[in-house]
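Data first, discussion second: the structure below is written as structure tokens.
The values are calculated or read from the model by the stated rules, or taken from the named source; none is laboratory data. Computed from a predicted model, the values in this text were never measured in an experiment. Cβ placement follows ideal geometry from the backbone for every residue including glycine, while neighbour counts extend to all protein chains displayed. Ligands, DNA and RNA are stripped out before the accessible areas are found, and what is left, the full protein with its side chains, is counted by its heavy atoms. Shrake-Rupley method; radii C 1.70, N 1.55, O 1.52, S 1.80 Å.
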Amino acid sequence: MAKILVIGRVNLDRIWRLNAPLRSGGRTAYHGVETRFGGGGFSSSRVLAACGHHVAVLTSFADDAAGRGCRKALEELGVDTSFIEMRSGETVPVEVFLDPAGERTILGYVGRGAYYPDFPAADFDLIYVNAHRLNEQILAGLDRAPHVVSQFPLSRERHPARTLIASGSDVTASAEALWAEASGIAGPQLRHVIRTRGAGAVELIEETSNVDVGIEIAEGVVDTIGAGDFFAAGYVDGLMRGQSSVDAIRHGASIAGRWLRTAPARTPGDLELRGARPRAAALD
């Protein structure tokens, strides 16, 4: 199968299961808290590895029990961790609030951003990016790469890519305006913009056209954590199997639905996390 590099954060998510949706000025009870590994780097790489690809992750972890535990978890899932840099510091959980309908709200700590090592001197068939504020050396590597699929950077910073994937809840511009903005972000190699809409049809936008792609509706979904990266990983898997963009979108939606229904929470095992601080940051 394909050789794929994933560039993205890996988090220690602390998930609060709420009794009701959050609302401004209200009070909300919760009935459970669990801690598991997550983030774009973790969610997408585990799916791609399960699809049979050789997957490597470019990211950094705090060199503490949680960081080392996450690296071990990735290795057990068959992911190449040789491009992960262990750095001094402390892992602090990301707070994720999950309402009864399965929708999540993420609380991110602004005091510490993700750090990414330099782009590796290795060849890959495709690179998947879910990261912001990439350094110039990584951006130069993406410029040279044969195929890049990237999440739409909400920072609007430059992300060379053939395909940008945007969430309809984050990006609401018209198809024409979105293509114009995406072209400025991804550069001349841009061929496709994919806008997801939860359980609704996925919009495939190209320079001279846009179409709605009907997808399979996932039933029995408990939560939507990781949905975007599960979809992106399934889309990438479809492309690497030679599918068209439309068929790869449908394949991505099917993969995402399957993982959202059945993927077990990957917990840190013997790590003691009850005393973890109620701040949020990545494993960086």
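Below are the figures for this structure:
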item	result
Beta bridge orientation in the chain: antiparallel %, DSSP, nearest 5	40
Candidates Ala49, Ala20, Ala122, ranked by Gaussian network fluctuation over the chain, Cα under 10 Å, top entry	Ala122
Fluctuation leader among Leu18, Leu58, Leu154 - the chain, Gaussian network, Cα springs under 10 angstrom	Leu154
Rel. contact order, % - alpha carbon contacts under 8 angstrom, at least six apart, the range 130-181	31
Along the chain, longest interval not containing exposed trypsin sites (Lys or Arg not before Pro), exposed being DSSP loop plus at most 16 other Cβ atoms within 10 Å	28-111
Convex hull volume per residue in cubic angstrom - Cα atoms of the chain	130
Relative contact order (%) - the chain, alpha-carbon pairs under 8 angstrom, separation at least six	22
The range 85-184: C-alpha gyration tensor shape, a/c 1.5 cut-off, then a/b vs b/c	oblate
Shape of the range 13-142, Cα gyration tensor, a/c cut at 1.5	prolate
Label point distance in nm, Ser155-Glu75, each placed 7 Å from Cα along Cα→Cβ	3.0
GNM flexibility winner over the chain from Ala140, Ala248, Ala233 (Cα, springs under 10 Å)	Ala140
Apportionment of accessible area to carbon and sulfur, the range 1-131, percent (1.4 Å)	47
